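FYI, it's all coordinate maths here, none of it is from the lab. On a predicted model such as this, the values are computed, not experimentally measured, just so you know. Heads up, the Cβs are rebuilt from the backbone with ideal geometry, glycines too, and the neighbour counts pull from every protein chain shown.
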Amino acid sequence: MSQVDGDDGLTPLWGKRSLHRLPFIVLKDLYSSRHLLKLLIKRDLSGKYRRAYLGYAWAVLEPLLLAIVYTFIFTILVGSSDPLYPVKIILGIIGWTMFARSLTTSAKSLSSSINLFQFARVPKTVFATSGTLTNAVLALISLTCLIPFYFIHDLPITANLFLLPVWLILLSFTGWGIGLLLAPIACKVPDVLNLINFLIRAGFFLSPVMWTYDMFNSRFGSGWHGIVAHMNPTVIPITGMRDAVLGETSNIPGYGYAMCFGIAIIGFILGAMIFERKAHSAVVNV
Amino acid sequence: MTVVMRLENITLEYPVPRQYRKEDVRPSGIRNLSLEVKQGEILGIIGRNGSGKSTLLKMMAGVFPPDSGRIAMAGSVSLLAGVGVGFHKELTGRENAYLYGALMGRTTKEIDVLIDEIKSFAELDHHFDRPIRTYSSGMKSRLGISVATAFKPDLLLIDEVLGVGDASFRKKSEERVKQLMNESGTVVIVSHSMGLLSSICTRILLLNDGEFVTIGDPNEVLLKYKELLKLD
């Protein structure tokens, strides 16, 4: 953020930075503030369940209880007889929650800590990232609820399992990038936060949480419906998570992979540019 | 004398609220202000409410970026304002002290050295290791002042934060800030107290409606300020 310029030997508080370097600056800021980042994650984690008797067990219980409810509803409505459906639901919930929480915590990061940003010069990207990483830790804890299913259904442990964290990281990264993109406008226009809340609720049904990639394909085929569905950046990663755990291989077209990785990378680049350019003035104008 | 901070033609205008946009309302903020802060001086800033004193201080601290103009400085700067902002209610006083220190860019080792001093100054005893949701507002303020004044910057900016706690803590805080002012060397202080400013400042800057009016000898500037108040 700063470099000595001019002939007075003083360092400008707001140095000029070219647009294309901003994504690298975001990553560099995060690395140089890793100590603060660690403390904020610790704060969020210890604050979240500190007063609950069951503590971190809630991170495991939440997806488990939701899976029971959704399996019950889905079995009644659709009459699904797939014994692995609860496992698919749990993975869908964990993946979707990871994406949705990453997006909302980073999008709300400026407005939720506005009092601090109006009194102290602190690295705002750290605040926009700590929520994402906190949720990543909680998602990893949540994954332990899958262990009993390995025994119940005798699930295979294959090399594909190593892809599980890759897909989770991709979901988190995509949500974080889109959140960075939205944070400055969400800070200035509160309606955007309401819109995000609505989109997250709607996105739950439009993403493969209660349904699966195979269900979609058997119903709609691979025509234009398929192309539209692949624009949802959670479809392929959640399907990938299920394939990794169940040892299956879904018939995902090449453009599906390209779209989900493309959206993640473009989302981060645009998000980092907009966040670094607009976040500082966004907190002034509230 | 060495210049530690230079502000060149800085402007920052707050947006006019939507309901006043059709009227010819002038946006508040700071307009076209240039200023040099010199090593070792205690610069006071005075002006009526809404004249831009706190905004100027926040721009000097690098909290708010200017719409135009340049701000440059040498060394570290710290703003003493909004004490307690950033505290997390579920964390203990000790954990919050470490977090606040990290927000100020300090490492754990640097805070380790100061933690006992922070605890004893805040007079929190065993409460220091309890969540701050259990604290009274006075206890939170004491912790805030204690943490905020523990780190010594090259340029200290103070925005009327001393009116917290009971009478004895206020006195102690004043002494602490005076000590910090001596150690930091260069101080910029915003206050409405003419007595305080005339007793400690080497120069005073008078602002009115976001614009520079005058800067110089404390007594002369305070006279000008009194004239400005009479015009109302």
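Structure above, values below:
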read-out	value
J(HN,Hα) series, region B:107-113, from Karplus relation 6.51 cos²θ - 1.76 cosθ + 1.60, nearest Hz, glycine and proline x	8, 4, 4, 5, 6, 3, 5
Residue (of A:Ala52, A:Thr239, A:Asn115) at the positive-pole extreme of region A:22-282, dipole from beta-carbon charges	A:Asn115
Given A:Lys42/B:Lys109; A:Lys48/A:Lys188; A:Lys188/B:Lys171; A:Lys42/B:Lys178; A:Lys38/A:Lys278, the pairs whose alpha carbons are separated by over 29 Å	A:Lys188/B:Lys171; A:Lys42/B:Lys178
Charged-residue dipole, Cβ positions (Lys, Arg, Asp, Glu), region A:22-282 about Cα centre, Debye nearest 20	1120 debye
Cut-off under 5 Å, modelled amide H: who pairs with B:Ser28 long-range	B:Tyr14
Sites A:Tyr255 and A:Tyr31 - FRET efficiency at Förster radius 35 Å, r taken between beta-carbons, to 0.05	0.55
Amide H contacts under 5 Å for B:Ile189, placed H, 5+ residues apart	B:Leu43, B:Gly44, B:Ile45, B:Ile158
With at most 10 other Cβ atoms within 10 Å, longest stretch of chain A clear of loop trypsin sites (Lys or Arg not before Pro) (DSSP)	A:52-286
For the protein assembly as shown: rounded, prolate or oblate by the Cα gyration tensor [a/c cutoff 1.5]	prolate
Spin-label zone in region B:53-79 - amide nitrogen under 16 Å from a point set 7 Å from the Cα of B:Glu211 along the C-beta vector	B:53
Estimated [θ] at 222 nm from DSSP helical runs (n ≥ 4, -39500 (n - 2.57)) normalised by residues in chain A, nearest 500	-23000 deg cm²/dmol
Three-way shape call for region A:132-171 based on the alpha-carbon gyration tensor, with the a/c threshold at 1.5	oblate
Simple Cβ-charge dipole of region B:1-61, Lys/Arg +1 and Asp/Glu -1, about Cα centre, in debye nearest 20	240 debye
Shielding by other protein chains, A:269-282, mean Cβ within 10 Å	1
Prolate/oblate/rounded label for region A:22-282 (Cα gyration tensor, a/c 1.5)	prolate
Cα-centre dipole for the protein assembly as shown with unit charges at Cβ (Lys and Arg positive, Asp and Glu negative), debye to 20	460 debye
B:Lys38 long-range amide H proximity, modeled H, under 5 Å	B:Val4
Inter-probe distance in nm under a simple model that places probes 7 Å from Cα toward Cβ, at B:Asp67 and A:Asp82	5.7 nm
Stretch gain in nm, segment B:Thr2-B:Met181, where the contour uses 0.36 nm per residue and the Cα spacing is subtracted	62.7 nm
A:Tyr53 paired with B:Leu223, simple spin-label distance in nm, labels 7 Å along Cα-to-beta-carbon	7.4 nm
Under Karplus coefficients 6.51, -1.76 and 1.60, residue-wise ³J(HN,Hα) of region A:262-267 in Hz, glycine/proline x	x, 4, 4, 6, 5, x
³J(HN,Hα) computed for each position of region B:213-226 - Karplus, 6.51 cos²θ - 1.76 cosθ + 1.60, integer Hz, glycine/proline x	9, 7, 8, x, 4, x, 5, 5, 5, 5, 4, 4, 5, 5
Inter-part distance where region A:173-213 and region A:94-112 are each reduced to a Cα centre, Å	8 Å
Relative contact order (percent, whole number), region B:84-157, Cα cutoff 8 Å, 6+ residue spacing	41 percent
